[in-house]
Amino acid sequence: MISALLSFLGGSVFRMLWGEISAMLTARQDHRHEIERLRLQGELEAAQHARVQDSIRLQHELGVRTITVQAEADQGRIEADAWATVSRATAARTGLRL
C-alpha cells in the first residue's frame, strides 16, 4: 500500500516537475529566439535607414546638378540670342552714307 502511494506520488510529482522544467526550458529558448529576432530586426532597420539616407542624398545631388545644367543651358541660350541680335544689328543699314 505504501509502495503504491509512493509510486502514485512519485509518478505525479515526476510529471509535474518534468512539466515545469520543460516549460522553463521552452520559455528560455523562446526568450533567446525573441532577443535574436529583435537584434536582426534592428540591423535590418538600420540598413534600410542607411539606404533611404543615401537615396535622399543622391536625389538632392541630382537635383542640384539638374539646376546647374539648366542654368548653364539658359545662359548659353541667352548668349547665343545676344550674339545673333548683335550680328543682325551690324549688318543692318542705318541710313547714313559714308
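Working from label points 7 Å from Cα in the Cα-to-Cβ sense, the residue 85 to residue 50 distance is 5.4 nm. Charges were assigned to the Cβ only: +1 to each Lys and Arg, -1 to each Asp and Glu. The resulting dipole of the chain about its Cα centre is roughly 400 debye. Rounded to the nearest 20 debye, the dipole magnitude of the stretch 27-76 is 260 debye, with +1 charges on Lys and Arg beta carbons, -1 on Asp and Glu beta carbons, and the Cα centre as origin. Once the Cα atoms are used to define both axes, helix 2-91 deviates from the longest principal axis of the chain by about 0 degrees.
Shown for 35, 2: other C-beta atoms within 10 Å of each C-beta, ranked fewest to most, produce the order 2, 35.
None of the figures in this text is laboratory data; all of them are computed from the coordinates on show. These figures come from a predicted structure and were not determined experimentally. A quick note on method: Cβ atoms are made from the backbone with ideal geometry, for glycine too, and the neighbour counts reach across all protein chains shown.
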